[in-house]
Amino acid sequence: MKTYDGPVSDHFDGLHFFDPDGSPPKSLGEVLRWQFGGRRKREVWPEWAPSPHADTPPPRVEGDKVRLCFVGHASWLIQTGGLNILVDPVWSMRASPFSFAGPKRHNDPGIAFEKLPKIDVVLVSHGHYDHLDVATLSKLTSAFGPRVVTPLGNDITMRASDTAIKAEAFDWYQRVELGNGVAAALVPTRPWSARGLFDRNKALWASFVLETPAGKLY
(Lines give C-alpha, C1' and ligand atoms only; values in the text may rest on other atoms or scores of the structure.)
Protein backbone atom coordinates (compact mmCIF):
# COMPACT_ATOMS: atom_id res chain seq x y z
CA MET A 1 0.00 0.00 0.00
CA LYS A 2 1.17 3.54 -0.69
CA THR A 3 2.64 5.30 2.34
CA TYR A 4 3.66 8.84 3.24
CA ASP A 5 6.42 10.41 1.15
CA GLY A 6 7.68 13.76 2.40
CA PRO A 7 10.73 15.74 3.53
CA VAL A 8 13.03 14.51 6.27
CA SER A 9 12.47 16.20 9.64
CA ASP A 10 13.48 15.82 13.29
CA HIS A 11 10.86 13.03 13.57
CA PHE A 12 10.83 11.56 10.03
CA ASP A 13 13.88 9.90 8.44
CA GLY A 14 12.43 9.71 4.94
CA LEU A 15 10.76 6.35 5.49
CA HIS A 16 9.70 6.05 9.14
CA PHE A 17 8.38 8.46 11.75
CA PHE A 18 10.01 8.30 15.18
CA ASP A 19 9.75 9.95 18.56
CA PRO A 20 13.02 11.83 19.25
CA ASP A 21 12.19 11.97 22.97
CA GLY A 22 10.70 8.50 23.37
CA SER A 23 11.83 4.91 23.59
CA PRO A 24 12.59 2.87 20.47
CA PRO A 25 9.81 0.47 19.42
CA LYS A 26 9.84 -3.13 20.61
CA SER A 27 10.98 -5.79 18.17
CA LEU A 28 8.51 -8.26 16.69
CA GLY A 29 10.06 -11.00 18.83
CA GLU A 30 9.55 -8.97 22.02
CA VAL A 31 5.93 -8.29 21.09
CA LEU A 32 5.27 -11.97 20.38
CA ARG A 33 6.86 -13.02 23.69
CA TRP A 34 4.73 -10.45 25.52
CA GLN A 35 1.59 -11.55 23.71
CA PHE A 36 2.02 -15.32 23.81
CA GLY A 37 4.68 -16.00 26.45
CA GLY A 38 3.86 -18.26 29.38
CA ARG A 39 4.20 -15.49 31.97
CA ARG A 40 1.23 -13.53 30.69
CA LYS A 41 -1.90 -13.99 32.79
CA ARG A 42 -5.05 -13.50 30.76
CA GLU A 43 -8.36 -12.55 32.29
CA VAL A 44 -11.58 -13.98 30.88
CA TRP A 45 -13.81 -11.30 29.40
CA PRO A 46 -17.59 -11.71 29.31
CA GLU A 47 -18.97 -12.16 25.82
CA TRP A 48 -21.22 -9.13 26.34
CA ALA A 49 -21.23 -6.60 29.18
CA PRO A 50 -24.07 -4.15 28.55
CA SER A 51 -23.69 -0.65 29.94
CA PRO A 52 -26.63 1.07 31.65
CA HIS A 53 -25.49 4.38 30.13
CA ALA A 54 -26.49 5.74 26.74
CA ASP A 55 -26.51 9.36 25.59
CA THR A 56 -28.68 11.35 23.22
CA PRO A 57 -26.69 14.54 22.54
CA PRO A 58 -28.35 17.85 21.70
CA PRO A 59 -28.05 19.14 18.11
CA ARG A 60 -25.48 21.80 19.11
CA VAL A 61 -23.84 23.41 22.13
CA GLU A 62 -23.41 27.11 21.50
CA GLY A 63 -21.27 29.86 23.00
CA ASP A 64 -18.65 29.23 25.66
CA LYS A 65 -20.16 25.99 26.95
CA VAL A 66 -18.73 22.54 26.27
CA ARG A 67 -20.34 19.10 26.43
CA LEU A 68 -18.32 15.88 26.30
CA CYS A 69 -19.67 12.38 25.83
CA PHE A 70 -17.55 9.25 26.24
CA VAL A 71 -18.46 6.87 23.42
CA GLY A 72 -15.97 4.14 24.30
CA HIS A 73 -12.21 3.40 24.48
CA ALA A 74 -10.73 6.50 22.77
CA SER A 75 -13.93 7.74 21.11
CA TRP A 76 -15.43 11.02 22.33
CA LEU A 77 -18.01 13.51 21.12
CA ILE A 78 -17.05 17.10 21.96
CA GLN A 79 -19.68 19.81 21.46
CA THR A 80 -18.65 23.45 21.79
CA GLY A 81 -18.82 26.72 19.85
CA GLY A 82 -21.65 25.34 17.72
CA LEU A 83 -19.40 22.54 16.40
CA ASN A 84 -19.75 18.78 16.84
CA ILE A 85 -16.35 17.07 16.93
CA LEU A 86 -15.72 13.32 17.12
CA VAL A 87 -12.38 11.97 18.31
CA ASP A 88 -11.15 8.55 17.10
CA PRO A 89 -14.66 7.31 16.28
CA VAL A 90 -15.16 3.53 16.30
CA TRP A 91 -18.64 2.07 15.86
CA SER A 92 -17.48 -1.24 14.31
CA MET A 93 -17.81 -4.53 16.17
CA ARG A 94 -14.11 -5.30 15.82
CA ALA A 95 -10.91 -3.25 15.88
CA SER A 96 -9.30 -5.37 13.20
CA PRO A 97 -8.68 -5.69 9.46
CA PHE A 98 -10.99 -8.74 9.60
CA SER A 99 -14.70 -9.02 10.33
CA PHE A 100 -14.24 -12.48 11.88
CA ALA A 101 -11.18 -12.04 14.10
CA GLY A 102 -9.45 -9.49 16.29
CA PRO A 103 -10.43 -7.48 19.38
CA LYS A 104 -14.21 -7.45 19.66
CA ARG A 105 -16.57 -4.96 21.23
CA HIS A 106 -18.10 -6.08 24.55
CA ASN A 107 -20.77 -3.40 24.85
CA ASP A 108 -22.51 -0.83 22.69
CA PRO A 109 -21.08 2.63 21.96
CA GLY A 110 -22.14 5.31 24.43
CA ILE A 111 -24.13 6.96 21.64
CA ALA A 112 -26.08 4.94 19.09
CA PHE A 113 -24.94 5.97 15.61
CA GLU A 114 -28.46 7.07 14.65
CA LYS A 115 -28.54 9.36 17.72
CA LEU A 116 -25.48 11.35 16.63
CA PRO A 117 -25.98 15.03 15.83
CA LYS A 118 -24.58 16.36 12.57
CA ILE A 119 -20.83 15.83 12.81
CA ASP A 120 -18.70 18.71 11.53
CA VAL A 121 -15.16 17.52 12.28
CA VAL A 122 -13.47 14.21 13.05
CA LEU A 123 -10.04 14.04 14.70
CA VAL A 124 -8.10 10.78 14.22
CA SER A 125 -4.96 10.50 16.33
CA HIS A 126 -3.15 7.59 14.62
CA GLY A 127 -3.55 4.52 12.47
CA HIS A 128 -4.18 1.63 14.86
CA TYR A 129 -7.49 -0.11 14.18
CA ASP A 130 -8.97 0.89 17.54
CA HIS A 131 -8.50 4.56 16.57
CA LEU A 132 -8.68 4.72 12.77
CA ASP A 133 -11.79 2.76 11.80
CA VAL A 134 -12.34 3.23 8.06
CA ALA A 135 -15.78 1.60 8.16
CA THR A 136 -16.98 4.18 10.69
CA LEU A 137 -15.29 7.03 8.79
CA SER A 138 -17.06 5.96 5.59
CA LYS A 139 -20.39 5.81 7.43
CA LEU A 140 -19.82 9.28 8.91
CA THR A 141 -18.83 10.61 5.49
CA SER A 142 -21.99 9.24 3.93
CA ALA A 143 -24.19 10.63 6.70
CA PHE A 144 -22.56 14.00 7.44
CA GLY A 145 -19.55 14.66 5.15
CA PRO A 146 -17.28 15.95 7.98
CA ARG A 147 -13.72 17.22 7.70
CA VAL A 148 -11.29 14.57 8.97
CA VAL A 149 -8.11 15.97 10.55
CA THR A 150 -5.28 13.50 11.13
CA PRO A 151 -1.47 13.29 11.31
CA LEU A 152 0.64 12.78 8.19
CA GLY A 153 0.13 9.54 6.30
CA ASN A 154 -3.16 8.46 7.83
CA ASP A 155 -5.01 10.32 5.09
CA ILE A 156 -3.52 7.85 2.60
CA THR A 157 -5.01 4.93 4.54
CA MET A 158 -8.40 6.63 4.63
CA ARG A 159 -8.56 7.53 0.94
CA ALA A 160 -7.29 4.08 -0.09
CA SER A 161 -10.41 2.69 1.55
CA ASP A 162 -12.88 5.43 0.55
CA THR A 163 -11.99 8.35 -1.73
CA ALA A 164 -14.99 10.29 -0.41
CA ILE A 165 -13.45 10.70 3.08
CA LYS A 166 -12.44 14.37 3.43
CA ALA A 167 -9.07 13.65 5.01
CA GLU A 168 -6.63 16.48 5.79
CA ALA A 169 -3.16 15.52 7.06
CA PHE A 170 -0.93 17.69 9.24
CA ASP A 171 2.41 17.53 11.04
CA TRP A 172 3.21 18.07 14.70
CA TYR A 173 2.79 21.70 15.83
CA GLN A 174 0.50 22.62 12.95
CA ARG A 175 -2.69 24.45 13.91
CA VAL A 176 -5.95 23.88 12.04
CA GLU A 177 -8.83 26.37 12.09
CA LEU A 178 -12.09 24.48 12.48
CA GLY A 179 -14.44 27.48 12.53
CA ASN A 180 -16.57 29.32 15.10
CA GLY A 181 -13.50 30.23 17.13
CA VAL A 182 -12.40 26.59 17.45
CA ALA A 183 -8.96 25.32 16.35
CA ALA A 184 -6.98 22.11 16.74
CA ALA A 185 -3.20 21.90 17.19
CA LEU A 186 -1.38 18.61 16.66
CA VAL A 187 1.25 17.90 19.31
CA PRO A 188 3.74 15.06 19.94
CA THR A 189 2.62 12.08 21.95
CA ARG A 190 4.11 8.72 22.91
CA PRO A 191 2.57 5.90 20.84
CA TRP A 192 3.56 4.34 17.50
CA SER A 193 1.65 3.30 14.40
CA ALA A 194 0.97 0.25 12.21
CA ARG A 195 -1.90 -1.46 10.45
CA GLY A 196 0.00 -4.46 9.08
CA LEU A 197 3.29 -6.33 9.33
CA PHE A 198 5.31 -4.04 7.07
CA ASP A 199 4.10 -0.47 7.70
CA ARG A 200 5.29 0.20 11.25
CA ASN A 201 5.68 3.95 11.89
CA LYS A 202 5.10 4.87 8.24
CA ALA A 203 2.28 7.19 9.38
CA LEU A 204 2.51 9.82 12.11
CA TRP A 205 0.64 9.93 15.43
CA ALA A 206 -0.41 12.93 17.52
CA SER A 207 -2.47 14.28 20.36
CA PHE A 208 -4.74 17.28 19.84
CA VAL A 209 -5.04 20.53 21.75
CA LEU A 210 -8.43 22.06 21.03
CA GLU A 211 -8.79 25.81 21.41
CA THR A 212 -12.47 26.49 22.11
CA PRO A 213 -14.66 29.28 23.51
CA ALA A 214 -14.82 27.16 26.68
CA GLY A 215 -11.01 27.01 27.01
CA LYS A 216 -8.34 24.55 25.89
CA LEU A 217 -8.98 20.81 25.79
CA TYR A 218 -6.14 18.26 25.50
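The values are calculated or read from the model by the stated rules, or taken from the named source; none is laboratory data. Keep in mind that this is a model prediction, so the values were computed, not measured. Note: ideal-geometry Cβ built from the backbone for every residue, glycine included; neighbour counts use all protein chains shown. Quick note on the areas: whole protein, heavy atoms, side chains included, nothing else; ligands and nucleic acids left out. Shrake-Rupley method; radii C 1.70, N 1.55, O 1.52, S 1.80 Å.
Below, the figures for the structure above:
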| read-out | value |
| --- | --- |
| Debye equation applied to the C-alpha atoms of region 172-218, log10 I(q)/I(0) at 0.20, 0.23, 0.27, 0.29 Å⁻¹ | -0.69, -0.79, -0.92, -0.99 |
| Radius of gyration and maximum dimension Dmax of the chain, Cα, Å | 18.0, 55 |
| Pairs of lysine residues in region 28-217 - Cα separation under 21 Å, sequence separation of 8 or more or cross-chain | 10 |
| Percent carbon-and-sulfur accessible area, the chain, ignoring ligands, DNA and RNA, probe 1.4 Å | 57 |
| Neighbour cut-off at most 12 other Cβ (10 Å), DSSP loop, chymotrypsin sites (Phe, Trp or Tyr not before Pro), region 61-164 | PHE98, PHE100 |
| Relative contact order (%) - region 70-218, alpha-carbon pairs under 8 angstrom, separation at least six | 20 |
| 1.4 Å probe accessible area per residue over the chain, in Å² | 56 |
